[in-house]
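Here is the structure we will look at, set down as structure tokens.
Readers should treat all values here as calculations from the given coordinates under stated rules, not as data from a laboratory. Since we're looking at a predicted model, the values are computed, not measured. Using ideal geometry, Cβ is built from the backbone for each residue, glycine included, and neighbour counts are taken over all protein chains shown.
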């Protein structure tokens, strides 16, 4: 299909008073995503004042697993207790179709 058939969607719920820190964490993660050879696309999302997300795509399962074992996931795990109201909800998803530039 494409170079982004495999994907992850993570939903993050900030603790009260930690919303700005979660947003800053996500903004600061972009350079780490750019370093990942097999991360095709990476998006940091904000749904409302306390709900955030990450959506990223990969060409294969190896790329997806490398991301799950990478710097962003590690940094998120280290910060989760301090910043998040609950553990991140991470779902592996399959991209059926996509439009790329």
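Taking the centroid of alpha carbons for each part, region 1-32 and region 42-101 are 5 Å apart. Provide the FRET efficiency to the nearest 0.05 for the residue 23-residue 89 pair, computing r from the beta carbons and using R0 = 22 Å. The pair residue 23/residue 89 has a calculated efficiency of 0.80. For the peptides 89-98, 35-44, 74-83, residues were scored by their other Cβ atoms within 10 Å and the scores averaged per peptide; the highest-first order is 35-44, 74-83, 89-98. Spin-label model, residue 51/residue 3: points 7 Å from Cα along the beta carbon direction are separated by 3.3 nm. The length gained on full extension between residue 41 and residue 16, counted as 0.36 nm times the residue separation minus their Cα-Cα distance, comes to 6.0 nm.
With contacts defined as alpha carbon pairs under 8 Å and 6 or more residues apart, what's the relative contact order of region 6-94 in percent?
Across region 6-94, relative contact order equals 48 percent.
Computing Cα extents along the principal axes in Å for the structure here picks out one of [x] 39, 27, 23; [y] 31, 30, 25; [z] 42, 24, 21, namely [z].
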